[in-house]
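Okay, structure first, notes after.
Derivation of every value follows stated rules applied to the coordinates shown; laboratory data play no part. Quantities reported herein were computed from a predicted structural model and do not represent experimental measurements. Positions of Cβ are generated from backbone atoms using ideal geometry, with glycine treated the same way; all protein chains shown enter the neighbour counts.
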Amino acid sequence: MGVPDFQSVMLPLLRLASDGQEHALREAIDALADELGLTEAERKELLPSGRQATFNNRVGWARTYLTKAGLIELPRRGHFRITPRGLEALRKNPPKINVAFLEQYPEFVEFRSRDKEPSSTGADELQNDEQTPEESLESSYQKVRRGLATELLQTIKSCSPEFFERLVVDVLLEMGYGGSRKEAGQAVGRSGDGGIDGIIKRVSF
């Protein structure tokens, strides 16, 4: 089935809170993973940054959006509980709760309006209702990174062999092979004649 997007988590999360009790986010994540039948691999799937589990991130943002709409509240750090408005929403038996559903609440509309304000960094272009903010940012970052990598590679290819040799030596030095350029590496500059292009002194650890 795969990890559900954060909007698909909203209704199960609100139903989980329908008992009116405080719930710890960590416990809710585990309970929802069980309810949705996520495999161990899906539970451990990470965002591209590798800093957080994808499902944890999506549950966290589902909670944030429900909070901004006034359907749940945060009584203390790491915990949440349903509000009267949240109970009323469940009584309507909606087939799903998503961004479109939450837009009936003025507080949520205001939150989204602030979130969509244009900025000099182009953050307004990162909005994607299928992704959490982190996922949108990381997707944009990876796109920029790939573009820069391609541009850098093209630039390197257009440079002289001597420049490439010096670049290789510098990269190896930065990786820890030697103490400094003077001590550990030099670009010999004999590319193409069968000679050595560069020398790196081995460092013992």
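Numbers at a glance
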{"read-out": "Estimated FRET transfer efficiency (residue 41, residue 87; beta-carbon r; R0 41 Å; 0.05)", "value": "0.70"}
{"read-out": "Residue order, fewest to most beta carbons within 10 Å, for 10, 1", "value": "1, 10"}
{"read-out": "Extended-chain gain in nm, criterion 0.36 nm per residue less alpha-carbon gap, residue 167 and residue 31", "value": "43.8 nm"}
{"read-out": "Relative contact order for the stretch 34-95, counting Cα pairs under 8 Å that sit 6 or more residues apart, in percent", "value": "16"}
{"read-out": "Residues 55, 6 arranged by fewest to most Cβ contacts within 10 Å", "value": "55, 6"}
{"read-out": "Per-peptide average of other Cβ atoms within 10 Å, ordering 95-106, 13-24 highest first", "value": "13-24, 95-106"}
{"read-out": "Two-site label geometry, residue 52 and residue 99: point separation in nm, points 7 Å out along Cα→Cβ", "value": "1.7"}
